[in-house]
Amino acid sequence: MTRNGATITRSAGSVKNDNLPFISAAQVQRETGTEGSRIWVVIDDIVYDVTEFSKQHPGGQVPLRNFAGKSCSWQFHQIHSLKTLQKYEKLRVGWTEDAPNPYQKPKPQIVKPLWSHQNW
Ligand code: HEM
């Protein structure tokens, strides 16, 4: 992919993304599926156009519409495997930087067992 004339090779997870154009976060945030705009979601800084795909998404249209114009990387990875990204490679339209994810990934909590046989 190129930016400011320089060729940049990036990979998101195990997915290679050569030759994708750079799309600014501001542009991504405009593609929210409203007023005739496309539905774009960002996973690992790669922009996916899911406008048509959203109608056949096994998880339904709602999550894709909710994340339209936003990043949803950690949410995506909690549910899907990297193979899904490879399979839907044709949905990629570009790469971006700093597209906001509306939710912070919850930190893993260390839960103390209420009971342990080591206490005996
Ligand atoms: C490029 C974006 C996406 C693609 C290509 C995609 C594709 C898929 C595919 C193929 C499945 C079937 C299971 C699998 O093969 O992994 C699936 C299931 C699912 N997806 Fe997505 N997905 C996308 C984004 C999202 C997002 C952003 C969310 C929510 C945060 C989401 C929520 C779900 C849920 C909840 C299921 C499970 C449905 C079920 O088994 O009942 N997906 N998705």
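Miscellaneous remarks
- In segment 33-75, the qualifying residues are those that are free of Cβ contacts under 8 Å to residues at least 12 places away in the same chain and acidic (Asp, Glu), and the one that is farthest from Lys90 (Cα to Cα) is Glu35.
- Only helices (runs of 4 or more DSSP H) whose full extent lies in segment 21-120 are considered here, and none of them has at least 2 residues that are buried (at least 19 other Cβ atoms within 10 Å of the Cβ), more than 10 Å from the ligand (Cβ to nearest atom) and modelled with pLDDT of 95 or more.
The values are calculated or read from the model by the stated rules, or taken from the named source; none is laboratory data. Since the model is a prediction, treat every value here as computed from it, not as a measurement. All Cβ positions, even for glycine, are placed from backbone atoms using ideal geometry, and neighbour counts span all protein chains on display.
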